[in-house]
Amino acid sequence: MSTGEELSGVLVFDSSALQKQPNLPTEFIWPHSDLAGNQDELDEPLIDLEGFLKGDEVETAHAAELLRVACLNHGFFQVTNHGVDASLIRAAHEEIDTIFKLPLDKKLSVRRQPGGVFGYSGAHADRYSSKLPWKETFSFGYHGNHSHPIVVDYFKRFLGEHFQPTGKFFEDGGSIMRCNYYPPCNNSGLTLGTGPHCDPTSITILHQDEVGGLEVFANNKWQAIRPRLDAFVINIGDTFMALSNGKYKSCLHRAVVNREREKRSLVFFVCPKEDKVVRPPQDLVCREGPRKYPDFTWSHLLEFTQKHYRADVATLQSFIQWLRSSKTI
């Protein structure tokens, strides 16, 4: 495949060069089973946080119930009146534009290193040679201010006193911020911006632009998520599913690309500290039945997804098998 350049044997994603080719290179073509589409829109909960932020107990209870049902069914919902200023969100999107419009050699100078998470990546071609996603990403880490227990306060206020230990699970975590850029693609029906997968992280907070493209697998079919510029998309990941002993569902989702328009998204992956043991609260296990997953640390799951396995629809189950066979814990 020619992308205009090749670096140390690794294919370089140059979308402008690829768009000039008459056919889509086979490395970017996805199986029909992954491409199967549906025109429906998911009628996901749209949770208004205004009452919660004002301390309204009735509105908070209503929002919590909507959240609970969504997490039990497919692990996906959107929130409005979240308190983040619209001008800040616009500025963030403009800022990532400056990153992805840098010269290719400049982006490659900060490319993600093998086995690493942070830096620039073009179509994940540094890791894979088939089913390449039609996108560029730039990722970096985030560590919260340890002097103020923001996460603990959030879990305690929004989910109740008994969730305070859950908040402490994340208070000293190192999370991941990822910027996604999806160029237009002449053969958009043959490829994907992001393949079907569940996030291995705990909770994902995403803002998509007006072009959209995010789809969730719910009710046995792929359903589109209507872009809402005033809303954040929230979904449950594998780590939180394990923390809830499988009660809350890790969201299966993907991103399609547009034939004519470029699109962007901002993603914040909430993660625990790497050495934290992922173990559901004992009272939850007593209520919901036997343990569904063994103890593991986020560092082991992160290592698995970065060095041994490509995140897909069965990441957590495959990780558990790998964990047991390797006896790393």
Would you please name the GluC sites (Glu not before Pro) within the range 167-237 that are DSSP coil residues with at most 11 other C-beta atoms within 10 Å of their C-beta?
Glu210
Measure off 7 Å from each Cα along the Cα-to-Cβ vector at Gln19 and Val69, then give the distance between these two points in nanometres to one decimal.
4.3 nm
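Working from the pairwise distances between different alpha carbons, so that the mean of 1/r is found and then inverted, what is the range 1-131's Kirkwood radius in Å?
Working: mean 1/r = 0.0522 Å⁻¹.
In the range 1-131 this quantity evaluates to 19.1 Å.
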Within the range 185-210, name every residue whose backbone N is under 20 Å away from a label modeled 7 Å from Cα of Asn38 along the Cβ vector.
189-199
Along the Cα-to-C-beta direction of Lys54, a point sits 7 Å from the Cα; which residues of the range 74-103 have their amide N less than 20 Å from that point?
79-86
With both bridge residues required to lie in the range 1-144, what share of the DSSP beta bridges run antiparallel, to the nearest 5%?
60 percent
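Skip the ligands, DNA and RNA, and give the accessible area per residue of the chain with a 1.4 Å probe, whole Å².
Working: 16230 Å² over 329 residues.
Roughly 49 Å² per residue, with all protein chains present.
Within the chain, what whole-number % of the accessible surface is contributed by carbon and sulfur, with the 1.4 Å probe and all protein chains included in the calculation? Write down the numbers at each step before the final one.
Details: 8510 of 16230 Å².
Roughly 52 percent, rounded to a whole number.
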For the range 79-87, in residue order, the Karplus 3J(HN,Hα) values (coefficients 6.51, -1.76, 1.60; θ = phi - 60°; whole Hz; Gly and Pro = x) are 10, 10, 6, 8, x, 8, 5, 4, 5
Radius of gyration and Dmax over the Cα atoms of the chain, both given in Å:
19.9, 59
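List the pairs from Lys107/Lys247; Lys54/Lys292; Lys54/Lys168; Lys106/Lys276; Lys135/Lys249 whose alpha-carbon separation is above 31 Å, in the order I gave them. Can you show the working numbers first?
Working: Lys107/Lys247 41 Å; Lys54/Lys292 38 Å; Lys54/Lys168 23 Å; Lys106/Lys276 36 Å; Lys135/Lys249 27 Å.
Listed pairs above 31 Å: Lys107/Lys247; Lys54/Lys292; Lys106/Lys276.
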Pseudo-spin-label distance Asn186 to Lys247, built 7 Å along Cα→Cβ, given in nm, is 5.3 nm
Which aspartates and glutamates, if any, have their Cα less than 17 Å from the Cα of Lys263, not counting same-chain residues under 8 positions apart?
Asp14, Glu94, Glu95, Asp97, Glu136, Asp209, Glu210, Glu215, Asp230
Karplus (6.51, -1.76, 1.60) ³J(HN,Hα), θ = phi - 60°, over the range 71-78, in Hz, Gly and Pro reported as x:
5, 6, 8, 9, x, 9, 6, 10
Average the reciprocal distances over every distinct pair of alpha-carbons in the range 186-329, invert the result, and give the Kirkwood radius in Å.
16.5 Å
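At 0.36 nm per residue, minus the direct Cα-Cα distance, what do Arg111 and Met177 gain on full extension? Give it in nm, one decimal, please.
Numbers: separation 66, 0.36 × 66 = 23.76 nm, distance 1.53 nm.
Full extension of this stretch gives 22.2 nm more.
Quick check: convex hull over the Cα atoms of the range 30-80, volume per residue in Å³, rounded to an integer? Spell out each step's value before the answer.
Working: hull volume 4.7 nm³, N = 51.
So the per-residue Cα hull volume is 91 Å³.
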Run the numbers on the chain and let me know its relative contact order in percent, using alpha-carbon pairs under 8 Å that are six or more apart.
19 percent
Counting only residues 5 or more places away or on other chains, whose amide H sits under 5 Å from the amide H of Leu252 once H atoms are built in the peptide plane?
Phe217
Hey, could you pull the Cα Rg and Dmax for the range 224-284, both in Å?
15.7, 52
Any idea what the alpha-carbon Rg over 2.2 N^0.38 Å comes to for the range 69-120?
1.73
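Taking the Cα centre of the chain as the origin, how large is its charge dipole in debye, to the nearest 20, when only Lys and Arg (+1) and Asp and Glu (-1) carry charge on their Cβ atoms? Before the final figure, lay out each step's value.
Numbers: 36 positive and 41 negative charges, 200 e Å.
Roughly 960 debye, rounded to the nearest 20.
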³J(HN,Hα) across the range 90-98 via Karplus (A = 6.51, B = -1.76, C = 1.60, θ = phi - 60°), whole Hz, x for Gly/Pro?
4, 4, 5, 5, 5, 5, 5, 4, 5
Check which residues have an amide H placed less than 5 Å from Val12's amide H, if you skip close sequence neighbours.
Thr3, Glu5, Leu7
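The values are calculated or read from the model by the stated rules, or taken from the named source; none is laboratory data. Values in this document were obtained by computation on a predicted structure and should not be read as measured data. All Cβ positions, glycine included, derive from the backbone under ideal geometry; neighbour counts span all protein chains shown. Heavy atoms of the whole protein, side chains included, go into the accessibility calculation; ligands, DNA and RNA do not. Shrake-Rupley method; radii C 1.70, N 1.55, O 1.52, S 1.80 Å.
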